[in-house]
Amino acid sequence: MDNLFKDKTVLISGGLGDIGRAIVTRFAQQGANIAIGDLLPESEAATFLKELQPYKGLYSYTTVDVTDDTAVNKWIIDTETTQGIISMVIANAAMVTLADVKSITAQQWSKELQVNLNGAFYVTQAATRRMVHHKIPGRVVFIGSWAAHAPHPGIPAYCVSKAGIRMLCRCMALELAPYQILVNEIAPGYVAAGLSARVWKQQPDAAEEARQKVPVKKVISPDEVAWQVVNLCHPENSQMTGSTIVMDGGLSLLS
Ligand SMILES: NC(=O)c1ccc[n+]([C@@H]2O[C@H](COP(=O)([O-])OP(=O)(O)OC[C@H]3O[C@@H](n4cnc5c(N)ncnc54)[C@H](O)[C@@H]3O)[C@@H](O)[C@H]2O)c1
């Protein structure tokens, strides 16, 4: 499949992260215009934007903090003006704090929920409001986590934020279905990238432990997550909404 999303615009938060870049690349391969947002300065995006040049879409990078709803709204309106109406939005930005229930501070707790849950809400609310305004069908994909359905020691704020994403996905799916806006979630297990890769760097044994724990005995590549995201946005999907695709190699079957 090629040029599936020619003349369509997708917006992604946390798009300079490992999974974010893989998602951007998959959409670029399908001809989409792409608005990438992340915390990092513009200079950090230059090389990646150059890598997208062989593809045919319009690409932009904006430094935007998803916890700032005013900045998020501006990003979405600016994208609409320069790259076209957004018909697909991917809520991908997230962080993880390694602090257990006994030690996590109020600030750490609030920050993580603010980024992972509220930030995802601000981005998807602002983008879907514009879809409704323009009366166009659309797609929302939340990047959740298997940590939403199984408690994982040492990351309570992350687990709670991703459990919130799961319910947000379902609430949004129900309300937006009459507008032909389909809302779904991908819940990966251990991905060999980004948040997990940084944890594994601090705890080298943990990577092999994770791999052994997964029933299929391998961790996920960022590109496989990206492939699922693109599938959820496929124009032939007209019925799947409010769903969570759990892609964790069977990890959740153990709990
Ligand atoms: N890596 C894994 O094992 C794994 C597993 C399951 C789910 N996920 C999910 O995948 C998504 C991507 O994670 P990743 O592993 O690629 O990590 P990553 O750190 O590489 O990417 C996350 C990106 O979000 C950005 N970000 C953080 N706070 C932000 C904010 N306030 N505003 C805007 N951008 C912000 C970061 O700068 C970063 O580029 C996350 O939602 C994560 O929860 C990851």
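Pick out the one residue from ALA28, ALA22, ALA35 that is free of Cβ contacts under 8 Å to residues at least 60 places away in the same chain, assigned to a helix (DSSP H, G or I) and on the phi < 0 side of the Ramachandran plot.
Working: ALA22 fails: free of Cβ contacts under 8 Å to residues at least 60 places away in the same chain; ALA35 fails: assigned to a helix (DSSP H, G or I).
Going through ALA28, ALA22, ALA35 in turn, the sole match is ALA28.
Kindly evaluate CYS169 against the criterion of being surrounded by fewer than 24 Cβ atoms within 10 Å (Cβ to Cβ) and in a helix (DSSP H, G or I). Write out each step before concluding.
Working: surrounded by fewer than 24 Cβ atoms within 10 Å (Cβ to Cβ): no; in a helix (DSSP H, G or I): yes.
Judged against the criteria, CYS169 is not a match.
Return yes when VAL183 is in contact with a Lys or Arg (Cβ under 6 Å, 6 or more places away or on another chain), more than 8 Å from the ligand (Cβ to nearest atom) and closer than 18 Å to THR244 by Cβ and no when it is not. Walk me through how you get there before you give the answer.
Working: in contact with a Lys or Arg (Cβ under 6 Å, 6 or more places away or on another chain): no; more than 8 Å from the ligand (Cβ to nearest atom): yes; closer than 18 Å to THR244 by Cβ: yes.
No; evaluated as a whole, the condition is false for this residue.
Working only within the range 74-106, note down all residues that are within 14 Å of the ligand (Cβ to nearest atom), among the β-branched types (Val, Ile, Thr) and not in a strand (DSSP E or B).
ILE76, VAL96, THR97
Going by the structure shown, is THR128 away from the ligand (no atom under 16 Å from the Cβ), under 27 Å from GLY84 (Cα atoms) and of a type in the set (Val, Ile, Thr)? Spell out the reasoning first.
On the way: away from the ligand (no atom under 16 Å from the Cβ): yes; under 27 Å from GLY84 (Cα atoms): yes; of a type in the set (Val, Ile, Thr): yes.
Yes, satisfied.
Can you pull out every residue in the range 168-180 that is farther than 28 Å from LYS102 by Cα and within 14 Å of the ligand (Cβ to nearest atom)? Full working, then the answer.
Here is the first cut: in the range 168-180, the ones farther than 28 Å from LYS102 by Cα are 169-180.
Result: CYS169, single match.
Take the residues in the range 218-238 that are free of Cβ contacts under 8 Å to residues at least 24 places away in the same chain and away from the ligand (no atom under 15 Å from the Cβ); name whichever of them is nearest to LEU16 (Cα to Cα). Lay out the reasoning, then the answer.
In the first step, residues of the range 218-238 are kept if they are free of Cβ contacts under 8 Å to residues at least 24 places away in the same chain; the result is 224, 231, 236.
Filter once more, so that each one left must be away from the ligand (no atom under 15 Å from the Cβ): 231, 236.
Working: ASN231: 21, GLU236: 28 Å.
Restricting to residues being free of Cβ contacts under 8 Å to residues at least 24 places away in the same chain and away from the ligand (no atom under 15 Å from the Cβ), the top hit is ASN231.
I'd like to check something: does the range 152-167 contain any residue that is touching a residue at least 60 places away in the same chain (Cβ under 8 Å), away from the ligand (no atom under 13 Å from the Cβ) and more than 17 Å from the chain's Cα centre (by Cα)?
Scanning the range 152-167, I find no residue that is touching a residue at least 60 places away in the same chain (Cβ under 8 Å), away from the ligand (no atom under 13 Å from the Cβ) and more than 17 Å from the chain's Cα centre (by Cα), so the answer is no.
Before we move on, is THR63 polar (S, T, N, Q), over 18 Å from the mean Cα position of the chain (by Cα) and farther than 27 Å from ALA187 by Cβ?
Details: polar (S, T, N, Q): yes; over 18 Å from the mean Cα position of the chain (by Cα): no; farther than 27 Å from ALA187 by Cβ: yes.
For THR63, the condition - polar (S, T, N, Q), over 18 Å from the mean Cα position of the chain (by Cα) and farther than 27 Å from ALA187 by Cβ - is not met.
Conditions tested, residue by residue: (1) in contact with a Pro (Cβ under 9 Å, 6 or more places away or on another chain); (2) of a type in the set (A, V, I, L, M, F, W, C); (3) buried (at least 18 other Cβ atoms within 10 Å of the Cβ).
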| position | (1), (2), (3) |
| --- | --- |
| PRO178 | no, no, no |
| GLN202 | no, no, no |
| ASP205 | no, no, no |
| GLU208 | no, no, no |
| ARG211 | no, no, no |
| GLU224 | yes, no, no |
| TRP227 | no, yes, no |
| LEU232 | no, yes, yes |
| GLY250 | yes, no, no |
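Quick check on ALA71: is it within 14 Å of the ligand (Cβ to nearest atom), under 20 Å from VAL10 (Cα atoms), touching an Asp or Glu at 6+ places or on another chain (Cβ under 7 Å) and among the aliphatic types (A, V, I, L, M)? Show your work before the answer.
Details: within 14 Å of the ligand (Cβ to nearest atom): yes; under 20 Å from VAL10 (Cα atoms): yes; touching an Asp or Glu at 6+ places or on another chain (Cβ under 7 Å): yes; among the aliphatic types (A, V, I, L, M): yes.
Yes: the conditions hold for ALA71.
FYI, it's all coordinate maths here, none of it is from the lab. The structure displayed is predicted, hence computed values, not measured ones. Positions of Cβ are generated from backbone atoms using ideal geometry, with glycine treated the same way; all protein chains shown enter the neighbour counts.
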